[in-house]
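The values are calculated or read from the model by the stated rules, or taken from the named source; none is laboratory data. These figures come from a predicted structure and were not determined experimentally. FYI the Cβ positions are ideal-geometry reconstructions off the backbone, even for glycines, and counts take in every protein chain you see. Accessible surface areas use protein heavy atoms only, side chains included; no ligands, DNA or RNA. Shrake-Rupley method; radii C 1.70, N 1.55, O 1.52, S 1.80 Å.
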Amino acid sequence: MKNTALTGVHEALGAKMVPFAGFNMPVSYEGVNIEHETVRKGVGVFDVSHMGEFLIEGPKALELIQKVTSNDASKLTVGKAQYSCFPNETGGIVDDLIVYKIKEETYLLVVNASNIEKDWAHISKYNEGIGAEMRNISDNYSLLAIQGPKAVEAMQSLSSIDLSEIKFYNFVVGDFAGIEHVIISATGYTGSGGFEIYCKNAEVEQVWVKVLEAGADFGIKPIGLAARDTLRLEMGYCLYGNDIDDTTSPLEAGLGWITKFTKDFVNSEALAAQKEAGITKRLVGFELTERGIPRQGYDIVDAEGNNIGHVTSGTMSPSLEKGIGLGYVAKDFSKADSDIFIQIRKKQVPATVIKLPFYKG
C-alpha cells in the first residue's frame with residue numbers, strides 16, 4: 001500500500017483509513033453525512049494526492065494529446081483546463097482526465113489513481129510515432145481539494161491572487177499558504193465550488209495546516225473519500241470503474257460533449273460510426289420513488305420485470321434524503337421521467353429517470 005505525504009496527519013486526526021486504488025486513504029473522519037453537509041454548506045478539504053499527474057512537453061505535446069484524448073485540446077489557452085477521456089481501440093474508455101495548459105508546449109494531465117500505470121502505457125504506445133516529452137510526476141506531487149461555497153472567502157487570506165476571479169475550469173500558478181508556484185485550479189468533483197491545489201509532497205503539510213487555520217472561522221473540516229463519492233454522485237459526475245470503464249463508450253456515457261469529431265483521435269472512426277448509427281444504451285440518473293438504496297450491480301427492470309440495464313453507482317443522497325443512482329438502461333427508457341424499477345433483493349423498487357444533476361444547489 002502506498003501512502004500520501006499526509007497519511008500520518010490523517011491517522012493522527014482519527015480518520016478511518018481504507019485501501020483505495022493501491023493507497024492508504026481516509027474514507028471518513030466524523031461520518032459521511034456530516035462531512036457531505038460541511039462541503040455543501042460551508043467548506044471542507046480533501047487529500048486527493050493519490051491522483052496521477054503526467055507532464056507532456058515540447059513541440060509535439062499537443063499532437064500527442066490530440067491523438068490520445070477525445071476532446072479538442074487545441075482550444076486550450078494558458079490558464080485553462082479541460083475535461084476529457086482516453087478512448088481505447090475497442091469502443092471503451094481507458095480513463096477520464098483533466099488536461100491543463102500550463103504554458104505553450106507544456107500540458108499537465110491529471111488521471112485517476114487506479115489507472116496511472118495503464119494510462120502511462122497507453123499514452124506511451126501512441127507517443128512512439130510522435131515523440132513528445134513525457135514525465136510521470138505522480139509520486140512527487142500532492143493534491144488538495146478545498147471545496148464548498150465558503151472556499152473563496154475562507155482561503156483568500158492565503159494568497160495574493162484574487163481567488164474570486166478564477167473562473168470554473170481555469171487556473172493560476174501563484175503563491176498559496178506561503179508556497180510559491182502552486183497551481184490553484186477552480187476545478188472540483190463536488191459541484192459546490194472551490195479549488196484544487198497542486199504542490200510538491202514536501203510542501204503539502206504546510207499547506208494543509210494553513211488551510212485548516214485559515215478556514216477555522218468558516219467551520220472547515222477534513223473530508224474523506226466517502227463524502228467525495230456522495231457529493232460527486234449528487235452531481236451525476238462519472239466515476240471511473242463504476243460508471244465508465246474499458247467497455248463503455250463515451251457516447252453511451254453521455255460524454256458526447258467531450259468527444260470532438262473535428263480531429264482524428266484513437267478509435268474516432270468507430271465512435272463516429274456509433275454516433276451515426278445511434279447508441280442502444282445510455283447512462284442515466286434516476287431517483288427512487290419509494291424507500292431503498294440502489295447499489296452498484298443491481299439490475300434495472302421494466303414494469304414486466306424484464307432486465308433493461310444495471311446500476312453503476314448508487315447511494316442514499318444526504319442532500320435529497322432519497323435513494324439516487326446512475327445506471328445504463330436501454331435507449332427506450334433513457335428519457336427523463338421514464339419509469340423504471342431497481343431490483344433490490346427480491347423487491348422491484350420504482351424509480352424515475354431524471355435530468356442531471358440530482359442536486360441543484
Name the strands (runs of 3 or more DSSP E) wholly inside the range 84-188 in which the number of residues that are closer than 21 Å to Ile258 by Cβ and touching a residue at least 40 places away in the same chain (Cβ under 8 Å) is 3 or more.
93-103, 106-111
For Ala273, state whether it is open to solvent by 50 Å² or more (accessible area, probe 1.4 Å), out of contact with any Phe, Trp or Tyr (no Cβ under 8 Å at 6 or more places or on another chain) and either aliphatic (A, V, I, L, M) or free of Cβ contacts under 8 Å to residues at least 24 places away in the same chain (or both).
yes
Within the range 98-120, track down each residue that is under 16 Å from Ala61 (Cα atoms) and of a type in the set (A, V, I, L, M).
Ile98, Val99, Ile102, Leu108, Leu109, Val110
Count, please, the residues in the range 6-26 that happen to be surrounded by fewer than 19 Cβ atoms within 10 Å (Cβ to Cβ) and within 29 Å of Glu153 (Cβ to Cβ).
4
Tally the residues that are within 29 Å of Lys41 (Cα to Cα), part of a loop (DSSP other than H, G, I, E, B), touching a residue at least 24 places away in the same chain (Cβ under 8 Å) and out of contact with any Phe, Trp or Tyr (no Cβ under 8 Å at 6 or more places or on another chain), restricting the search to the range 296-341.
3
Residue pairs meeting the criteria (Cβ under 9 Å; at least 6 apart or on separate chains; first outside any strand (DSSP E or B), in the range 344-357; second exposed (fewer than 14 other Cβ atoms within 10 Å of the Cβ) and at pLDDT 95 or above):
Lys355/Ala336; Lys355/Asp337
Would you tally the residues in the range 193-213 being of a type in the set (Gly, Ala, Ser) and either open to solvent by less than 20 Å² (accessible area, probe 1.4 Å) or in a strand (DSSP E or B) (or both)?
1
Which one of Leu283, Leu251, Leu255, Leu288 is at pLDDT 95 or above, within 27 Å of Gln343 (Cα to Cα) and touching a Cys at 6+ places or on another chain (Cβ under 7 Å)?
Leu255
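Conditions tested, residue by residue: (1) open to solvent by 10 Å² or more (accessible area, probe 1.4 Å); (2) under 20 Å from Phe176 (Cα atoms).
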position	(1), (2)
Glu117	yes, no
Asn127	yes, no
Gly131	yes, no
Ile137	yes, no
Tyr141	yes, yes
Leu144	no, yes
Gln156	yes, yes
Ser160	yes, yes
